[in-house]
Amino acid sequence: MDIGLKLKELRIQKSLTQEELADRAELSKGFISQLERNLTSPSISTLTDILQCLGTDLKEFFNEEEDSQIVFTKDDFFEKKDDELHNKIEWIIPNAQKNEMEPIRLTLEPYGSIYPDLPHEGEEFGYVLSGQIKIHLGQKVHQAKKGDAFYFTPSKKHYLEAGKHGAVVIWVTSPPSF
């Protein structure tokens, strides 16, 4: 880890000059300059003081976890086609089953559906991108069309079914269940 560079980046991020940081930490501007150029090393207590002035602490400063992926493209998606039920499920966030929610893009061909799911813990949310769907919850059936959203707790057997023109739905379950 380049401590000097990381300190400099934090200082700039906080819109502080070397002199302002030095004043806040009761150090000299020259010492801050030397730190940032890795010409000297601070004691733990001095580094702690500097980091406090920069709004962080030792643990956060030295934590070098890799940033997790934020944006996913079509190349990242995993797809499963079901010819029997006439649907295609795309896991638009790979490995989402390790997360607290699992978003998918569900494409239903005309009159396509998904396998009925048994009651389970959690919540389910969806947004109809195109077409119309029927949301079967136990004995009740709810209609949703393009631009509509749905939300329910999966306390009954449930599944989605498309109308005569098919449908595309973004569907999010928590916890993951697909």
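The values are calculated or read from the model by the stated rules, or taken from the named source; none is laboratory data. Bear in mind that the values here come from a model prediction, so they are computed numbers and not experimental data. Reconstructed Cβ throughout: ideal geometry from the backbone, glycine too, with neighbour counts over all protein chains shown. Accessible surface is based on the protein model in full, side chains and every heavy atom, while ligands, DNA and RNA are left aside. Shrake-Rupley method; radii C 1.70, N 1.55, O 1.52, S 1.80 Å.
Laid out as a table, the results:
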read-out: In region 134-163, residue modelled with the lowest pLDDT [restricted to those that are closer than 22 Å to Glu100 by Cβ and of a type in the set (Gly, Ala, Ser)]; value: Ser155
read-out: Subset of region 12-63 [assigned to a helix (DSSP H, G or I), exposed (fewer than 15 other Cβ atoms within 10 Å of the Cβ) and under 31 Å from the mean Cα position of the chain (by Cα)]; value: Ile12, Gln13, Gln52, Leu58, Lys59, Glu60, Phe62
read-out: Breaking point among (1) over 20 Å from Gly163 (Cβ atoms); (2) out of contact with any helix residue (DSSP H, G or I) (no Cβ under 6 Å at 6 or more places or on another chain); (3) at pLDDT below 95, for Pro94; value: (2)
read-out: Any hit, region 51-73, residues being farther than 30 Å from Lys164 by Cβ, basic (Lys, Arg) and either in contact (Cβ under 8 Å) with a residue 12 or more places away in the chain or in contact with a helix residue (DSSP H, G or I) (Cβ under 8 Å, 6 or more places away or on another chain) (or both); value: no
read-out: Which listed residue, of Lys164, Lys156, Lys134, is among the basic types (Lys, Arg) and farther than 18 Å from Glu109 by Cα; value: Lys156
read-out: Residue that is closer than 15 Å to Ile89 by Cβ, modelled with pLDDT of 95 or more and open to solvent by less than 30 Å² (accessible area, probe 1.4 Å), where the choices are Gly166, Gly131; value: Gly166
read-out: So Lys74, is it open to solvent by 70 Å² or more (accessible area, probe 1.4 Å), within 30 Å of Pro176 (Cβ to Cβ) and modelled with pLDDT of 95 or more; value: no
read-out: Matching entry among Pro103, Pro116 (being surrounded by fewer than 15 Cβ atoms within 10 Å (Cβ to Cβ), at pLDDT 90 or above and within 25 Å of Ile133 (Cβ to Cβ)); value: Pro116
